[in-house]
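I have placed the structure first, in the form of structure tokens, so that the comments after it can refer back to it.
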Amino acid sequence: MWLVTVDADKCEGCEECVNNCPVAVFKMETDKANPYQADLCEGCETCVSVCPTGAVTLKEM
Ligand code: SF4
Ligand code: SF4
């Protein structure tokens, strides 16, 4: 199981994580990405790779 989190202070709202996650973990909420379906995460690391500000953190639990 994977724990994906977004540091709202670092998120610039570019939507890259929203547009590239293969299982739609993220949605935008007041211009920040919210990993609202984090339980669907498959650990592919795409969100970490595409985020330009290092706002996304992925941990294996
Ligand atoms: S690691 Fe992959 S599946 Fe998980 S939230 Fe990021 S892009 Fe989506
Ligand atoms: S890719 Fe990073 S900066 Fe862009 S919306 Fe997602 S968390 Fe925010």
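I need the full set of residues from region 1-59 which are in a helix (DSSP H, G or I) and open to solvent by 70 Å² or more (accessible area, probe 1.4 Å), in order please. Working first, answer last.
Here is the first cut: in region 1-59, the ones in a helix (DSSP H, G or I) are 16-20, 38-40, 46-50.
Selection gives GLU16, ASN19, ASP39, LEU40, SER49.
Looking at region 19-48 only, could you name the residues that are among the hydroxyl-bearing types (Ser, Thr, Tyr) and under 13 Å from VAL4 (Cβ atoms)?
From region 19-48, those among the hydroxyl-bearing types (Ser, Thr, Tyr) are 30, 36, 46; that's our starting set.
Across region 19-48, the qualifying residues are TYR36, THR46.
The values are calculated or read from the model by the stated rules, or taken from the named source; none is laboratory data. What you are looking at is a predicted structure, and each value in this text was computed from that prediction instead of being measured. Note that each Cβ is placed from the backbone with ideal geometry, even for glycine, and that neighbours are counted across all protein chains shown. Ligands, DNA and RNA are stripped out before the accessible areas are found, and what is left, the full protein with its side chains, is counted by its heavy atoms. Shrake-Rupley method; radii C 1.70, N 1.55, O 1.52, S 1.80 Å.
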